[in-house]
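The values are calculated or read from the model by the stated rules, or taken from the named source; none is laboratory data. None of these values were measured; they are calculated from a predicted model. Heads up, the Cβs are rebuilt from the backbone with ideal geometry, glycines too, and the neighbour counts pull from every protein chain shown. Side chains included, ligands, DNA and RNA excluded: accessible areas come from the protein's heavy atoms. Shrake-Rupley method; radii C 1.70, N 1.55, O 1.52, S 1.80 Å.
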Amino acid sequence: MFQKLPETADAVLVHVEGRAIRVPAGATAAAAALIAGLVSTRTSPATNEPRAPYCMMGVCFECLLVIDDEPSQQGCMVTVRPGMRINQQHGARQP
Amino acid sequence: MSGPFDLVVIGGGPAGMAAAVQARQLGLSVALIDEQPAPGGQIYRGVDRAEAQGRAAALGADYCHGLSLTQAFRASGATEFFSHQVWQVEPDGRVFVTDGKASQLIEGRRVLVAVGAMERPVAIPGWTIPGVMTVGAAQILHKTIGILPDQGVWIAGSGPLMLYYAAEVVAAGGRVAGILDTASHANLSTFRSHATGALRGWRYLAKGMGYLARLRLAGIRHVKGVEAVEAVGDSQLEGVRWRVGGQWSEAIATGLLLHEGVIPNTHMTSALGCSHDWNEAQRCFQPRTDEFGATDVEAIFVAGDCGGIGGARVAACRGRLAALGVAAALGRIDTSERDRLAKPVRAEYGEHDAVRGLLDALFAPRAELLSPADDVIVCRCEGVSAGRIREAVSLGCRGPNQMKAFTRCGMGPCQGRMCGPTVTGVLADALGVPPAEVGRFRIRPPLKPLSLGELASLADIERAG
């Protein structure tokens, strides 16, 4: 859906679903998931359907991700850090 | 604990920045809180960074205008709380924030809510399918990291932001498969009744014509008079369907970007118990304020698009007016000084606001958006369709808050932000009463979900206090 980004000098290495990828500094975790080509970022606990980032500005909560083992993080509100582990969230948060 | 500050501004967009600068010039102590790491809000999102990386100019002159605001704000001496989320505001001016790890309390003698707009939810068939996003979402990706749509991405909807984004993508070398324009031809007849506003707002209209010309020149397919749009796919977007003159067409799509205008983000003012009114021209609720942004809750002021849609330039004017209102309320200036300082701001406001009535009429949302068909999902979080809402009405449900008990609509993680406007619309339609009478969801704390650890960290504040 999005064009490949040219490599920038300030790129940050993150792990999306275990795969190492470089994303621009200042990107959010949700943006990193999109860059990595993740089709969906979570499955809805209510309907079990796959969902993906919709608003990218903190309103819709569709981009809930497991970030560094912390579930239910709003991916579009979290800026990437080097080594960040970004994973899909399946259903409700696990305890 | 921080403060007490004379003014705590929530939101670092044009309204919040302009208010902070004006308040500092009047000698007030100011704190500004924003959930993003840098000032700009959504309209000027990441503008300092984009400028530093040499990307700002390509995003347009309107975007670059934000640089003058961020620079003035940085030099104002306001205390900055970036990367902080507000999770509770008390009517007495106490603001509770978290940095994601621990909470803290920031006290204000007055609080200015300047949290901006959100895109109107575009509840169409298939809008929950991965691959469907808003135009605003795609624009944020462009502003912050320079990412552009690849082939097969369609844009559907109406309004200035949609055309602006499409033109911006084309200019930057991105791709747009086509634009499905849902603005009604009937709306064009409203041009005559807004002729004066159109004349005064000619710069805005010329800009709009410029976007259209650029899209035509680039050979972008622009389908006009689109009556309905549907996203097609199961676990991933596969295509888009649209109807013109009763005839359906379809195309393969890798992405679909939706936009049907913006509405005030009223979550915070609702939670605060401020009175809100239905704005019939803009088809949305907005907090009731005087011309300086004072609400009916004494310590709470409002500025910018969260108080009614006016756009970035109007938002900055309203931010300055609110700062004058706060200074007068705190007795730092008298009302004649306030009015003297307000005069040039009001003139500027008028210039930028002149075109609004015409824009509202031209890009009025179509009826099916406010009250969609039965099979369309209204509440994304809980998967509640318009049909289930109508069914609840037939069982005796009479309002949005009762609707929660009937259907769980509005009870998911977004707390009704995404479904609230549509729930009001469907109820108004089903009950045959105006939206103002239907009302809205009651909003309860916390404004954003927070962990028990973040909440517990407050105990230390209480002890220290």
For the range B:1-92, which strands (runs of 3 or more DSSP E) that fit wholly inside it have 2 or more residues that are open to solvent by 10 Å² or more (accessible area, probe 1.4 Å) and either in contact with an Asp or Glu (Cβ under 6 Å, 6 or more places away or on another chain) or over 30 Å from B:Ser457 (Cα atoms) (or both)? B:2-10
Please find, within the range B:377-395, the residue that is most open to solvent (accessible area, probe 1.4 Å) out of those that are among the small types (Gly, Ala, Ser) and more than 14 Å from chain A (Cβ to nearest Cβ). B:Ser394
Residues being away from chain A (no Cβ under 12 Å) and in contact with a Phe, Trp or Tyr (Cβ under 6 Å, 6 or more places away or on another chain): count how many of those fall in the range B:250-265. 1
Residue that is farthest from A:Gly83 (Cα to Cα), among those in the range A:15-36 that are open to solvent by less than 50 Å² (accessible area, probe 1.4 Å), more than 7 Å from chain B (Cβ to nearest Cβ) and within 10 Å of the chain's Cα centre (by Cα): A:Leu34
Can you find even one residue in the range A:3-23 that is in a loop (DSSP other than H, G, I, E, B), out of contact with any Phe, Trp or Tyr (no Cβ under 9 Å at 6 or more places or on another chain) and closer than 24 Å to B:Trp87 by Cα? no
Confirm whether A:Gly37 is of a type outside the set (Lys, Arg) and without any contact (Cβ under 8 Å) to a residue 24 or more places away in the chain. yes
Out of the residues in the range B:167-181 that are of a type in the set (Gly, Ala, Ser) and open to solvent by 10 Å² or more (accessible area, probe 1.4 Å), which is nearest to B:Ala231 (Cα to Cα)? B:Ala177
Just one of the numbered conditions (1) within 14 Å of chain A (Cβ to nearest Cβ); (2) without any contact (Cβ under 8 Å) to a residue 60 or more places away in the chain is not true of B:Asp181; which one? (1)
Criterion: away from chain A (no Cβ under 14 Å) and open to solvent by 10 Å² or more (accessible area, probe 1.4 Å) - qualifying residue of B:Thr128, B:Thr144, B:Thr196: B:Thr196
Out of B:Asp374, B:Asp290, B:Asp339, B:Asp353, sole residue that is at pLDDT below 95, out of contact with any Cys (no Cβ under 6 Å at 6 or more places or on another chain) and either farther than 30 Å from B:Ile129 by Cα or open to solvent by 50 Å² or more (accessible area, probe 1.4 Å) (or both): B:Asp353
